[in-house]
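See below for the structure under consideration.
The values are calculated or read from the model by the stated rules, or taken from the named source; none is laboratory data. All of these numbers come straight from a predicted model, not from anything done at the bench. Virtual Cβ from ideal backbone geometry, glycine too; neighbours counted across all protein chains shown.
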Amino acid sequence: MAGTDRNSHCPECNGTLRKVDTETLCEECGLVFSEDAMDRGPEWRSFEDEETDRRRTGAPLTRSRHDRGLSTEIGYGSGSNSSYESRLTGRKRRQIARLRREHNRARIASKAERNQVYGFAEIRRVNAHLSLPDSTREQACALFESAQSADLFQGRSLEGFAAAAVYATCRTRSIARTVDEIAAVARADSDELTVAYKALNRELGLPTGPIDPTEYLPRYASKLDLGTEVERRAHEHVTTLLQEGRIGGRNPSGVAAACLYQAAGERQEWPTITQATAGEVADVAPVTIRSTVKDIRDLRK
């Protein structure tokens, strides 16, 4: 029983641990307690004398490829790595090069598939830059394909829809990422992203709700070099504002930064920050920080 208690509470703040995908996280301070990225799927070896040939071939299916990852490729073997390639003559090598080129062209049969190849590649790139999980990438690619099936690309940029698919997926999965953060690494600006996201939300009816400001607290606290005590106190301020209904219509990113600013100045031993610094991290104006701080102080009277 003692082992169960030790594994269900955070060693840093004694908070509750929660398993998310392959990681076990603390709900209070965001500490990554453990991670298990091991593939525990079936694995076999095949022998000629076995009655059943349990052979595994190829990579698993994925939504991030226009052909689900089922296509084959003619590789680029070198003389040092491939004994077959080293035996080819110059004429045969040129023939293989032509076959490889034609094979790559044949993999894309229409303009729609070409758009998927480009859009999925952009989604994978943005997903990697933001260090998002693979499940987010797969869902964003599926959303991009749904937008294409609904003929939403007419007159709009593919880059904007790729970025909007990532942002919409983050919204539906409660992953705290702002429009500006995604636009900073995407090949679309914030206006293109916003237009595409509105089209997705309007035509596809995305199950998106308001973002919880607490989702931003661990990341902003890390950027501002604030400790877990300040973050925990800021979490209490956010909870109070939610209970009193003071967050409606406000930027959740700014609310999180304002709560961190207020919490940091409540004790002398805690590091202090300025409103400008907090606003810069959340990409909001200092007046936004001041208005939320005023509400916090009014509720404490």
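If you go through the range 277-287, how many residues are under 27 Å from Ile175 (Cβ atoms) and either out of contact with any helix residue (DSSP H, G or I) (no Cβ under 8 Å at 6 or more places or on another chain) or assigned to a helix (DSSP H, G or I) (or both)?
Applying the first criterion (under 27 Å from Ile175 (Cβ atoms)) to the range 277-287 yields 277-286.
Filter once more, so that each one left must be either out of contact with any helix residue (DSSP H, G or I) (no Cβ under 8 Å at 6 or more places or on another chain) or assigned to a helix (DSSP H, G or I) (or both): 277-282, 286.
Qualifying residue count for the region: 7.
Does Leu224 satisfy the condition of being at pLDDT below 95, crowded, with 19+ Cβ neighbours inside 10 Å, out of contact with any Pro (no Cβ under 6 Å at 6 or more places or on another chain) and not assigned by TED's automatic domain parsing to the domain that holds Gln116? Outline the logic, then answer.
Details: at pLDDT below 95: yes; crowded, with 19+ Cβ neighbours inside 10 Å: yes; out of contact with any Pro (no Cβ under 6 Å at 6 or more places or on another chain): yes; not assigned by TED's automatic domain parsing to the domain that holds Gln116: yes.
When the stated conditions are applied, Leu224 passes them.
Has the range 170-187 got any residue that is acidic (Asp, Glu), under 30 Å from Cys29 (Cα atoms) and either outside the structural domain of His235 (by TED's automatic domain parsing) or in contact with an Asp or Glu (Cβ under 8 Å, 6 or more places away or on another chain) (or both)?
Just the residues of the range 170-187 that are acidic (Asp, Glu), to begin with: 180-181.
From what is left, the residues that are under 30 Å from Cys29 (Cα atoms) are 180-181.
Within this subset, residues satisfying the condition of being either outside the structural domain of His235 (by TED's automatic domain parsing) or in contact with an Asp or Glu (Cβ under 8 Å, 6 or more places away or on another chain) (or both) are 180-181.
Within the range 170-187, one or more residues are acidic (Asp, Glu), under 30 Å from Cys29 (Cα atoms) and either outside the structural domain of His235 (by TED's automatic domain parsing) or in contact with an Asp or Glu (Cβ under 8 Å, 6 or more places away or on another chain) (or both).
Mind checking which residues of the range 97-138 are aliphatic (A, V, I, L, M), within 10 Å of the chain's Cα centre (by Cα) and in a loop (DSSP other than H, G, I, E, B)?
The answer is Leu130, Leu132.
I'm checking my understanding of the structure. Among residues of the range 261-290 that are more than 19 Å from Gly227 (Cβ to Cβ) and among the hydrophobic types (A, V, I, L, M, F, W, C), which one is nearest to the chain's Cα centre (by Cα)? Lay out the reasoning, then the answer.
Within the range 261-290, the subset more than 19 Å from Gly227 (Cβ to Cβ) is 275-276, 279-280, 283-290.
Next, only the ones that are among the hydrophobic types (A, V, I, L, M, F, W, C) stay: 276, 284-285, 287, 289.
On the way: Ala276: 27, Val284: 22, Ala285: 26, Val287: 30, Ile289: 26 Å.
Across the range 261-290, the extreme among qualifying residues is Val284.
For Arg156, only one of the following conditions fails: (1) in a loop (DSSP other than H, G, I, E, B); (2) among the basic types (Lys, Arg); (3) in the same structural domain as Val284 (by TED's automatic domain parsing). What is its number?
Condition not satisfied by Arg156: (3).
Please specify each residue of the range 97-146 satisfying the condition of being surrounded by 15 or more Cβ atoms within 10 Å (Cβ to Cβ) and farther than 21 Å from Leu158 by Cα.
Answer for the range 97-146, where residues must be surrounded by 15 or more Cβ atoms within 10 Å (Cβ to Cβ) and farther than 21 Å from Leu158 by Cα: just Pro133.
Which residue out of Gly69, Gly75 is at pLDDT below 90, more than 30 Å from Arg171 (Cα to Cα) and assigned to a loop (DSSP other than H, G, I, E, B)? Lay out the reasoning, then the answer.
Values: Gly69 fails: more than 30 Å from Arg171 (Cα to Cα).
Of the residues listed, the single one that is at pLDDT below 90, more than 30 Å from Arg171 (Cα to Cα) and assigned to a loop (DSSP other than H, G, I, E, B) is Gly75.
From Arg233, Arg246, grab the single residue that is outside the structural domain of Arg124 (by TED's automatic domain parsing), farther than 24 Å from Gly30 by Cα and free of Cβ contacts under 8 Å to residues at least 60 places away in the same chain.
Working: Arg233 fails: farther than 24 Å from Gly30 by Cα.
One residue alone meets the criteria, Arg246.
Here is a list of conditions, (1) closer than 18 Å to Ser222 by Cβ; (2) surrounded by 14 or more Cβ atoms within 10 Å (Cβ to Cβ); (3) more than 28 Å from the chain's Cα centre (by Cα), and Ser253 meets all of them except one; can you say which number that is?
Result: Ser253 fails condition (3) only.
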